[in-house]
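Every read-out reported here was derived from the displayed coordinates using simple, explicitly stated rules and does not represent laboratory data. Bear in mind the structure is a predicted one, so any value in this text is a computation, not a measurement. Note: ideal-geometry Cβ built from the backbone for every residue, glycine included; neighbour counts use all protein chains shown.
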Amino acid sequence: MQLPTYDDVAAAARRLEGHAHRTPVLRSRTADTLLGAQLFFKCENFQRMGAFKFRGAFNALSQFTPAQRKTGVLAFSSGNHAQAVALSARILGMPAAIVMPLDAPAAKLAATRGYGAEVITYDRFTEDRQAISQRLALERGMTLIPPYDHPDVLAGQGTAAKELFDEVGELDHLFVCLGGGGLLSGSALAARALSPRCKVYGVEPQAGNDGQQSFQRGEIVHINTPQTIADGAQTQFLGQYTFAIIRRDVDDILTASDAQLVQAMRFFAERMKMLVEPTGCLGFAGAQHGGVALESARVGVIISGGNVDLARFAQLVAP
Ligand SMILES: *Cc1c(COP(=O)(O)O)cnc(C)c1O
């Protein structure tokens, strides 16, 4: 298995130029005071389709052969990867079919259809999405692009951290939301190349700490679908590629509770005037509550996305 390198992240950044937004890095005096550090928030909630996932999907799809472009792309996703593949396919002019859970947030289902993709639904708790997707890919000759365990996907995700380091220089710590590890492994590749002494942390939901267990045991641990408000990080296991990079280049895996995510959502809304989805709050919650000493440090936090139904958002942040 050949692991992608920082060169692949740099190549992805060139492919994304003119297609992905270069998202802002925001500061907050209140956050700095709260943590006693200098915080740099990389705001992928302002990325196209509302999350960093556009980066990985576009990087992967833009490398399809003409034959692959003709039959199109198939993806399975609990939400943001679906929209990312659908939007990328539309930009590149190819068909897209997306396998999504029945109970995915309504806004995500609608947005995916809105980008012109065909949506196929399944029951997240009883059916195996990977098997369904592989059968469909075979029947239709479409190319399956997984949400995280793919060299081109994780290299694309790494471009967000690359932009952060390019803009603010070296950091002491970087906190990254963790589901299947595409964003974390790509970020770690960027950190090792651009800020070698920076400590890199993945932050996953407390209810589903398979990444933490895998990191500690040195092998990929599988768990049942965790019950958490962080719907973008309800993954059951890390990928082969993502785990190999995480094991080598990441310093630690932390967890955040749903209550801490809600607290972070409130903070972003109230103090920074931003709508951040629960999963997008993992990095900040980990920085705030993960037990890492941050006194006077330069700290990067990747806010991974902002796609949340308004009704759901209101319900979560209501006092
Ligand atoms: C997918 C997703 C994650 C997790 O990313 P992985 O690459 O699977 O670790 C985190 N936040 C948001 C908003 C996402 O859509």
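Some notes on this structure:
- Here is the list for segment 226-319: trypsin sites (Lys or Arg not before Pro) lying in DSSP coil, each with at most 12 other C-beta atoms within 10 angstrom of its C-beta, are K273.
- Degrees separating the helix 80-92 axis from the principal Cα axis of the chain, which is the longest one: 60 degrees
- Cross-link reach is defined here as a Cα-Cα straight distance under 17 Å, omitting same-chain residues fewer than 8 places apart; for K70 the aspartates and glutamates meeting it are E118, E139.
- Angle between the chain longest axis and helix 129-140 axis [Cα atoms, degrees, rounded to 10]: 40 degrees
- Size of the chain as Cα extents on the principal axes (Å, biggest first): 55, 44, 40
- Under 30 Å from the Cα of K162 - lysines, other chains or at least 8 residues apart: K42, K53, K108, K199, K273
- Using the Cβ-Cβ distance between R22 and I120 with R0 = 30 Å, the FRET efficiency computed as 1/(1 + (r/R0)^6) comes to roughly 0.35.
- Using θ = phi - 60° in the Karplus curve 6.51 cos²θ - 1.76 cosθ + 1.60, the 3J(HN,Hα) couplings for segment 11-20 round to 5, 4, 4, 5, 5, 7, 4, x, 10, 8 Hz; x is entered for Gly and Pro.
- Computed [θ] at 222 nm, deg cm²/dmol, the chain (DSSP H ≥ 4; -39,500 (n - 2.57); rounded to nearest 500): -13500 deg cm²/dmol
- Options A259, L174, F237, ranked by Cα towards positive dipole end of segment 152-280, top entry (Cβ charges): L174
- Choice from P226, P66, P101 with maximal GNM fluctuation in the chain (Cα, 10 Å cutoff): P66
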